[in-house]
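The values are calculated or read from the model by the stated rules, or taken from the named source; none is laboratory data. Quick caveat, the model's predicted, so the values are computed rather than measured. No Cβ is skipped: glycine too gets one built from the backbone with ideal geometry, and neighbour counts run over all protein chains shown. Surface areas here come from the heavy atoms of the whole protein model, side chains and all, with no ligands, DNA or RNA. Shrake-Rupley method; radii C 1.70, N 1.55, O 1.52, S 1.80 Å.
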Amino acid sequence: MGIKNRLIIMSFLQFFVWGAWLITIANYWFGTKNWEGTQFGLVFGTMGIASLFMPTIAGIIADRWVNAERLYGILQILYAGVLFYLPEVTTPNSFIYVMLLAMCFYMPTIALSNSISYNALKTNGLDVVKSFPPIRVFGTIGFIVAMWIVNLTGNKATSYQFYIAGISAIILGIYAFTLPACKPQRLIKENASLIDTLGLGSFKLFVNYKMALFFIFSMFLGGALQLTNAYGDVFLDEFKHFPIYADSFVVKYSTIIMSISQISETLFILAIPFFLKRFGIKQVMLISMLAWVLRFGLFSFGNPADGLWMIILSCIVYGMAFDFFNISGSLFVETNTDNTNRSSAQGLFMMMTNGVGAILGSFTSGWAIDRFFTKSFSTTSDLASFLHTDVTNSKMLEFINRQGNSATDGVLHHVIMMKDWHQIWLAFAIYSLIIAIAFAILFKHEHNPNEVEILNH
């Protein structure tokens with residue numbers, strides 16, 4: 001088998017083992033375990049916490065002592081072991097700690113998979129710039145396939161999603177040991193300072209006003225990046241509580257609907273060079289922020305019936321929102337730093353978005369949803385009004401029974417809690433709009449058409 005095909009398999013499985021649960025874990029948390037929303041935010045926060053330090057630690061190990069492909073395989077197998085244990089966890093606090101351990105094993109493998117691919121392509125005399133993107137696309141395809149499998153097999157709210165991911169991770173871990181050797185390069189000097197070893201030298205970039213402003217906005221936007229991954233599928237799934245939408249295609253295949261976002265992501269990547277050439281880095285980043293406003297706003301007003309087009313359009317817009325900021329932001333770092341700190345500056349960009357920003361976004365959103373956007377209902381009339389039905393509707397009565405509840409003279413024996421998704425998404429849209437306006441006013445950057453040429457060299 002050719003090296004490209006071997007790397008395609010790795011890329012496919014790399015994101016398959018993540019996509020099998022990332023979008024659907026909210027259904028497991030809220031629908032199966034009935035745990036609260038504040039703590040659920042911490043589940044996605046574990047990815048940010050792990051991203052703060054684990055890629056650096058893994059990078060040091062791979063640079064000095066262990067072949068990257070072997071470390072990659074070991075981490076995938078350890079990740080699988082933790083996934084197998086997750087269904088045994090019975091409390092939300094324990095679940096968060098176990099998930100943090102899983103992320104400590106998984107998050108470094110994303111960077112390691114890139115290093116393994118780059119090394120293998122160069123060793124075989126192939127052009128990395130031309131050869132790697134088509135290989136990486138299969139990672140997104142793997143993510144989408146995993147989402148479809150979990151949905152079509154009826155496992156989007158069950159523990160089997162973790163078993164599907166775990167089995168695949170073991171296969172990937174074993175497969176990794178067959179990949180071409182990626183030996184330690186020892187690029188980090190033995191006598192290097194701790195700051196240089198950990199790649200912290202890039203923090204001096206905060207002295208530069210424009211770079212500091214860029215990283216701060218990266219952090220604030222990073223707070224929005226994972227919100228639809230965290231809540232999108234459960235948002236669509238909870239339309240099943242509304243009798244008018246209970247039997248809709250969207251409810252039955254919510255994960256497949258959400259996969260449109262990942263499909264869109266692969267397509268918008270192709271449009272980035274044109275937009276960068278035409279509008280420049282700042283405008284493309286601003287377009288991304290406005291796309292997030294649309295993403296959340298369309299979700300706020302969409303529904304599985306006459307508002308289905310809004311849900312579909314929101315998923316399509318996601319590709320622009322996600323890709324445009326990540327790629328243009330990375331290019332901004334590339335063109336505004338020198339070769340002595342460029343790599344660590346890229347690491348800082350990822351840390352601010354996927355680390356600090358993701359942690360703050362996950363924690364804050366979980367708290368806000370529980371505190372401000374979760375409604376309590378003690379009477380069937382109030383519940384019926386919220387569900388756009390009447391108190392005698394059989395589907396609503398079935399919903400009350402599924403909650404282990406009943407009513408006497410219109411009064412529920414136990415309070416029923418429901419999330420107000422319209423207000424939730426609207427609040428996220430307003431948050432994104434404030435960031436976009438502030439960015440447009442405060443961030444100054446002149447458009448240079450030649451910057452896009454970096455993408456081609």
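Taking segment 86-141 as the range and being open to solvent by 50 Å² or more (accessible area, probe 1.4 Å), more than 20 Å from PHE16 (Cβ to Cβ) and of a type outside the set (S, T, N, Q) as the test, the residues that pass are GLU88, TYR97, LEU101, TYR118, LYS122, GLY125, LEU126, ASP127, VAL129, LYS130.
Could you tell me whether MET320 is more than 17 Å from the chain's Cα centre (by Cα) and in a helix (DSSP H, G or I)?
No: the conditions fail for MET320.
In segment 264-284, the residues that are closer than 12 Å to ASN326 by Cα and open to solvent by less than 30 Å² (accessible area, probe 1.4 Å) form Cβ pairs under 7 Å with partners that are in a helix (DSSP H, G or I) and hydrophobic (A, V, I, L, M, F, W, C), at six or more places apart or across chains, as follows: GLU265/PHE322; ILE272/PHE324; ILE272/ILE327; ILE281/LEU331; ILE281/PHE332; VAL284/PHE275; VAL284/LEU276; VAL284/PHE324.
Of all the criteria given as (1) at pLDDT below 95; (2) polar (S, T, N, Q); (3) open to solvent by 70 Å² or more (accessible area, probe 1.4 Å), the one not satisfied by ASN448 is (3). Within segment 156-165, one or more residues are part of a loop (DSSP other than H, G, I, E, B), under 30 Å from VAL251 (Cβ atoms) and hydrophobic (A, V, I, L, M, F, W, C). Residues in segment 1-41 that are surrounded by fewer than 21 Cβ atoms within 10 Å (Cβ to Cβ) and either within 13 Å of the chain's Cα centre (by Cα) or part of a helix (DSSP H, G or I) (or both): ILE3, LYS4, ASN5, ARG6, ILE9, PHE30, GLY31, THR32, THR38, GLN39.
Only a single criterion out of (1) more than 22 Å from GLU36 (Cα to Cα); (2) crowded, with 18+ Cβ neighbours inside 10 Å is not satisfied by PHE373, namely (1). Put simply, of PHE279, PHE296 the only residue that is aromatic (Phe, Trp, Tyr), modelled with pLDDT under 95 and more than 22 Å from ILE244 (Cα to Cα) is PHE279. Step by step: first the residues of segment 46-58, then only those that are open to solvent by 20 Å² or more (accessible area, probe 1.4 Å) and free of Cβ contacts under 8 Å to residues at least 60 places away in the same chain, then the one that is farthest from MET99 (Cα to Cα). Which residue is that? So the residue we want is ILE57. Being farther than 22 Å from VAL150 by Cβ, modelled with pLDDT of 85 or more and small (Gly, Ala, Ser), is that true of even one residue in segment 51-71? Yes, there is a match, as at least one residue in segment 51-71 is farther than 22 Å from VAL150 by Cβ, modelled with pLDDT of 85 or more and small (Gly, Ala, Ser).
Name the one entry in HIS388, HIS413 that is open to solvent by 30 Å² or more (accessible area, probe 1.4 Å), within 24 Å of ASN34 (Cα to Cα) and more than 34 Å from the chain's Cα centre (by Cα). If you could, list the steps in order and put the result at the bottom.
Numbers: HIS388 fails: more than 34 Å from the chain's Cα centre (by Cα).
When all the criteria are applied, what remains is HIS413.
For beta carbons closer than 9 Å, sequence separation of 6+ or different chains, a first residue in segment 26-43 that is of a type in the set (S, T, N, Q) and a second that is open to solvent by less than 50 Å² (accessible area, probe 1.4 Å) and not in a helix (DSSP H, G or I), the qualifying pairs are ASN27/LYS156; ASN27/ALA157; ASN27/THR158; THR32/ALA157; THR32/THR158; THR32/SER159. Pairs meeting the criteria (first residue in segment 86-101 and touching a residue at least 24 places away in the same chain (Cβ under 8 Å) and within 17 Å of TYR160 (Cα to Cα), second residue in a helix (DSSP H, G or I) and polar (S, T, N, Q), beta carbons under 7 Å, at least 6 apart or on different chains) are MET99/THR46. Just checking, does segment 174-184 include any residue being modelled with pLDDT of 90 or more, in a helix (DSSP H, G or I) and open to solvent by less than 30 Å² (accessible area, probe 1.4 Å)? The answer is yes, given that some residue of segment 174-184 is modelled with pLDDT of 90 or more, in a helix (DSSP H, G or I) and open to solvent by less than 30 Å² (accessible area, probe 1.4 Å). Across segment 373-390, the qualifying residues are those that are of a type in the set (A, V, I, L, M, F, W, C) and touching a helix residue (DSSP H, G or I) at 6+ places or on another chain (Cβ under 8 Å), and the one among them that is nearest to PRO243 (Cα to Cα) is LEU387. Filtering ILE216, ILE312, ILE256, ILE263 for residues that are in a helix (DSSP H, G or I), closer than 23 Å to ILE435 by Cα and among the β-branched types (Val, Ile, Thr) leaves a single hit, ILE216.
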